[in-house]
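Student: Mind having a look at this structure? Questions to follow.
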């Protein structure tokens, strides 16, 4: 009886050993590709019409922003493609002009985006600028260390919109696909 039990356990053990084992393929990791899309805001600027009216001259805003995010190795070496979406809204009584310049560490202009918008009422202006592939070069972003934002009032300094809280708003959102592995 003990011998039959031992033979039975041996038989069950052999069946389990050979029936449940496959050769494991640990090389699948080498074939794995991870390419997430990251999304972030680059800048948000809002200027009320009352402030624009106080500024004498045409230019009411000009500022350079330090922007080293594109210089990180994780981005520069692995970015595949991307886009920056700009949204511009003007509820003021002013015709405006906005220029965005991407600068390298020496202050040289790598790329420029230019917007001109009539006085209110106007529709929301949306522009998507693609980088990589057949679009604008990714090297523009890889080499950007500053972003210069300039805004000009092409109207007067006395009129006031009849809309509530008249202002100029500029938003930007960046989306990039990066090869992690």
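The values are calculated or read from the model by the stated rules, or taken from the named source; none is laboratory data. Quantities reported herein were computed from a predicted structural model and do not represent experimental measurements. Every residue, glycine as well, gets a Cβ built from its backbone with ideal geometry; the counts of neighbours run over all protein chains shown.
Student: Which residues, counting only those in the stretch 66-99, are in a helix (DSSP H, G or I) and either over 16 Å from the mean Cα position of the chain (by Cα) or at pLDDT 90 or above (or both)?
Tutor: The one that is in a helix (DSSP H, G or I) and either over 16 Å from the mean Cα position of the chain (by Cα) or at pLDDT 90 or above (or both): 73.
Student: Out of 91, 112, I need the residue that is under 29 Å from residue 36 (Cα atoms) and touching a residue at least 12 places away in the same chain (Cβ under 8 Å). Which one?
Tutor: Step by step, each of 91, 112 is checked, and only 112 is under 29 Å from residue 36 (Cα atoms) and touching a residue at least 12 places away in the same chain (Cβ under 8 Å).
Student: Could you please let me know if residue 166 is more than 30 Å from residue 36 (Cβ to Cβ), over 17 Å from the mean Cα position of the chain (by Cα) and surrounded by 16 or more Cβ atoms within 10 Å (Cβ to Cβ)?
Tutor: Against the criterion (more than 30 Å from residue 36 (Cβ to Cβ), over 17 Å from the mean Cα position of the chain (by Cα) and surrounded by 16 or more Cβ atoms within 10 Å (Cβ to Cβ)), residue 166 qualifies.
Student: So, one more: Could you list all residues from the stretch 140-156 that are out of contact with any helix residue (DSSP H, G or I) (no Cβ under 7 Å at 6 or more places or on another chain) and assigned to a strand (DSSP E or B)?
Tutor: Matches in the stretch 140-156: 146, 147, 148, 149, 150, 151, 152.
Student: Please work out if residue 58 is at pLDDT 90 or above, within 31 Å of the chain's Cα centre (by Cα) and surrounded by 10 or more Cβ atoms within 10 Å (Cβ to Cβ).
Tutor: no
Student: Let me ask you something else. Report yes if residue 122 is assigned to a loop (DSSP other than H, G, I, E, B), touching a residue at least 12 places away in the same chain (Cβ under 8 Å), in contact with a helix residue (DSSP H, G or I) (Cβ under 8 Å, 6 or more places away or on another chain) and surrounded by fewer than 16 Cβ atoms within 10 Å (Cβ to Cβ), otherwise no.
Tutor: It is false that residue 122 is assigned to a loop (DSSP other than H, G, I, E, B), touching a residue at least 12 places away in the same chain (Cβ under 8 Å), in contact with a helix residue (DSSP H, G or I) (Cβ under 8 Å, 6 or more places away or on another chain) and surrounded by fewer than 16 Cβ atoms within 10 Å (Cβ to Cβ).
Okay, residues lined up against (1) touching a residue at least 24 places away in the same chain (Cβ under 8 Å); (2) at positive phi; (3) not in a strand (DSSP E or B):
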| residue | (1), (2), (3) |
| --- | --- |
| 129 | yes, no, no |
| 134 | no, no, yes |
| 158 | yes, no, yes |
| 175 | yes, no, no |
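Student: Looking only at the stretch 125-139, count how many residues are modelled with pLDDT of 90 or more and either touching a helix residue (DSSP H, G or I) at 6+ places or on another chain (Cβ under 8 Å) or surrounded by 15 or more Cβ atoms within 10 Å (Cβ to Cβ) (or both).
Tutor: Number of matching residues: 4.
Student: If you scan the stretch 100-119, which residues turn out to be surrounded by 11 or more Cβ atoms within 10 Å (Cβ to Cβ), in a loop (DSSP other than H, G, I, E, B) and on the phi < 0 side of the Ramachandran plot?
Tutor: If the condition is that a residue be surrounded by 11 or more Cβ atoms within 10 Å (Cβ to Cβ), in a loop (DSSP other than H, G, I, E, B) and on the phi < 0 side of the Ramachandran plot, then 104, 105, 118, 119 are the ones that fit.
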